[in-house]
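Single-structure report; data block below.
The values are calculated or read from the model by the stated rules, or taken from the named source; none is laboratory data. Values in this document were obtained by computation on a predicted structure and should not be read as measured data. Counting neighbours? That spans all protein chains shown, and the Cβs are built from the backbone with ideal geometry, glycine included. Just the protein is used for accessible areas: all its heavy atoms, side chains included, with ligands, DNA and RNA removed. Shrake-Rupley method; radii C 1.70, N 1.55, O 1.52, S 1.80 Å.
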Amino acid sequence: MASLRLLAIPLLFLLVALPLAAADDASDQDDSGPKSPFCNNTFQLVKVKNWVDGKEHESLVGLTARFGASLPTEAHDHLRLPAVFSNPMNCCSDSSSELSGSIALSTRGDCSFMAKAKVAQSGDAAALLVINDKEDIYKMVCSENDTIVNITIPVVMIPKSGGDTLSKSIADGKKVELLLYAPTRPVVDSAVVFLWMMAVGTVVCASLWSEYIACEQNDERYNELSPKASEAGATKDDPEKEVLDISAKGAVGFVITASTFLVLLYFFMSSWFVWVLIVLFCIGGVEGMHACIVTLILRGCKNSERKTVNLPLFGEVTVLSLGVLLFCLSFAIAWAITRKASFSWIGQDVLGISLMITVLQIARLPNIKVASVLLCCAFVYDIFWVFISPVIFKDSVMIAVARGDNSGGESIPMLLRVPRFFDPWGGYDMIGFGDILFPGLLISFAFRFDKTNKRGMTNGYFLWLAIGYGCGLLFTYLGLYLMNGHGQPALLYLVPCTLGVTIILGLMRGELGHLWEHGTSVPIPILGRPGEA
């Protein structure tokens with residue numbers, strides 16, 4: 001579509017700003033601190049079930065300390081005990097409140113975590129719940145000035161919002177009861193498998209789309225709302241298709257623009273900023289979904305009756321195209337309205353996959369030289385903004401943006417996400433659009449190269465790159481697991497498994513020069529027509 005071509009470039013900049021594989025977990029920081037036999041526990045996420053006057057409320061999430069007793073993995077293995085605030089509330093000196101047989105509540109600050117635990121333990125409290133002064137959950141470690149002793153009660157930190165809720169209930173004279181337990185997380189959740197299948201399926205489907213799915217259409221009005229016009233900046237592979245070739249300079253500028261956009265998101269993200277992204281995502285999703293659905297319908301109904309209507313601004317359009325557009329608009333609006341519902345991930349993934357398939361039909365890599373520039377820049381970009389940016393910004397910029405910090409509860413839609421169905425902690429596994437689009441451009445090129453040179457599956461490049469991409473994703477999620485859910489720069493694994501495989505195969509077959517200069521008999525300008533100045 002003409003409108004999709006206009007949206008393709010800015011949307012690509014938005015889509016690649018978050019090339020990240022992540023797990024939507026509680027955050028934790030501050031893993032430093034001295035260790036000893038009494039201060040060497042493994043940190044555990046804790047569920048804090050709570051009842052107010054006998055009525056169960058939503059469970060809170062906490063984190064155990066480096067010291068203290070461990071918690072059971074099942075709720076029925078622990079007692080439901082009353083919650084009592086220590087007095088003083090910071091629990092830095094002997095409490096005048098009766099703590100025996102209860103779970104002591106304490107605010108953070110004024111003394112070390114170990115000191116608070118000693119006071120709670122001396123008062124015969126069954127456990128200590130420390131309320132953080134922020135929404136993050138920090139790891140409670142021992143300090144250099146602590147006299148390390150054996151703490152025999154569980155010590156758990158909860159975020160400020162949860163503590164405020166408990167404090168209000170206690171201040172209102174209500175009876176608050178708590179139950180603490182630490183359920184274990186499955187080694188592999190079905191969400192990871194499903195997400196892997198979606199990502200690999202999107203790349204393969206986008207590569208094969210034009211050859212095996214899109215049907216030849218003699219009447220171009222069927223697949224768009226406005227007549228096609230020959231425009232600068234588009235190259236036509238055939239009379240019906242318009243694509244954008246990426247140049248080496250364009251690839252570098254592409255990544256620089258994405259970095260700039262990511263920094264803007266980090267510093268200026270707010271609910272209205274996220275809403276702008278949501279609107280742009282919906283527009284792009286509607287465009288992509290419309291193109292995919294119309295193509296699929298026309299493939300199955302090549303001889304369907306071609307009824308048209310005249311619309312203001314658009315002129316003559318087909319009834320099919322108009323009907324599909326109205327459906328896609330309704331779908332996107334419904335997703336935007338219900339985007340915080342538990343099922344909203346389905347609509348987000350459908351819109352995102354449709355958009356990426358369509359974008360990969362428009363943006364193309366002409367050869368491995370440009371692919372190397374683009375993917376190597378993206379490789380550095382990904383690693384820098386995940387692992388190196390904390391040195392400069394005190395935060396991992398990409399993880400902070402993906403989490404939606406300072407966005408008023410709104411989350412970035414430029415991700416595929418799947419809920420962890422069998423994880424007692426819930427949450428989502430996610431992958432950024434850039435982790436699909438960047439390797440997808442290379443894999444699509446490999447398919448076109450194989451087709452042009454009449455290669456089979458085994459002696460070509462497409463099959464091996466698709467396998468490499470799948471293996472790269474497996475390595476990504478292995479890294480995610482080994483780093484306890486810390487967001488991973490997926491391109492760290494995907495680039496070697498795709499571009500690296502291409503170069504190795506090219507060298508082994510003596511074809512690297514052909515791959516490197518493929519299609520460059522005439523200079524290719526940035527996102528322009530081959531041969532056009």
- [ ] Using amide H atoms built 1.01 Å from N in the peptide plane, name the residues 5+ places from Asn87, or on other chains, whose amide H lies under 5 Å from its own.
- [x] Ser96, Ser97
- [ ] Kindly state, to the nearest 0.05, the FRET efficiency for Ile388 paired with Trp275, given R0 = 41 Å and r defined as their beta-carbon distance.
- [x] 0.85
- [ ] Over segment 45-181, with every protein chain in place, what whole percent of the accessible area is carbon and sulfur at 1.4 Å, could you tell me?
- [x] 47
TODO: Kindly report, to the nearest 10 Å², the accessible surface of Met483 as traced by a 1.4 Å probe over protein heavy atoms only.
DONE: 90
- [ ] For Tyr181, list long-range residues whose amide hydrogen, built 1.01 Å from N in the peptide plane, is under 5 Å from its own amide hydrogen.
- [x] Lys47, Lys49
Open item on the list: Past 25 Å, Cα to Cα: identify those pairs from Lys139/Lys394; Lys139/Lys160; Lys139/Lys174; Lys249/Lys454, in the order given.
Closed with: Lys139/Lys174; Lys249/Lys454
Open item on the list: Checking the a/c ratio against 1.5 first, then a/b against b/c, what shape does the Cα gyration tensor give for segment 45-181?
Closed with: rounded
Task: Percent of alpha-carbon pairs separated by more than 24 Å within segment 275-407 - done: 53
Task: Spin-label model distance (nm) - Lys307 vs Leu208, 7 Å beyond Cα toward Cβ - done: 3.4
TODO: Any chance you could run the full-extension gain for Val187 through Ile333? It's 0.36 nm times the residue separation minus the Cα-Cα distance, nm to one decimal.
DONE: 48.9 nm
- [ ] Kindly write out, for segment 338-343 in residue order, the coupling ³J(HN,Hα) from the Karplus curve 6.51 cos²θ - 1.76 cosθ + 1.60 (θ = phi - 60°), rounded to whole Hz, with x marking Gly and Pro.
- [x] 9, 5, 9, 6, 5, 9
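Given the Cα-Cα distance of Leu79 and Leu326 and 0.36 nm per residue of separation, how much length would full extension add, in nm? Each step should come with its number before you reach the end.
Working: separation 247, 0.36 × 247 = 88.92 nm, distance 5.56 nm.
The Leu79-Leu326 span can extend by a further 83.4 nm.
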Task: Extended-chain gain in nm, criterion 0.36 nm per residue less alpha-carbon gap, Cys471 and Phe421 - done: 15.6 nm
Task: Top positive-direction residue, dipole computed over segment 45-181 with Cβ charges, set Thr73, Ile170, Leu105 - done: Thr73
Open item on the list: For a test of the definition: using alpha carbon positions, the gyration tensor, and the 1.5 limit on a/c, classify segment 36-122 as rounded, prolate or oblate.
Closed with: oblate
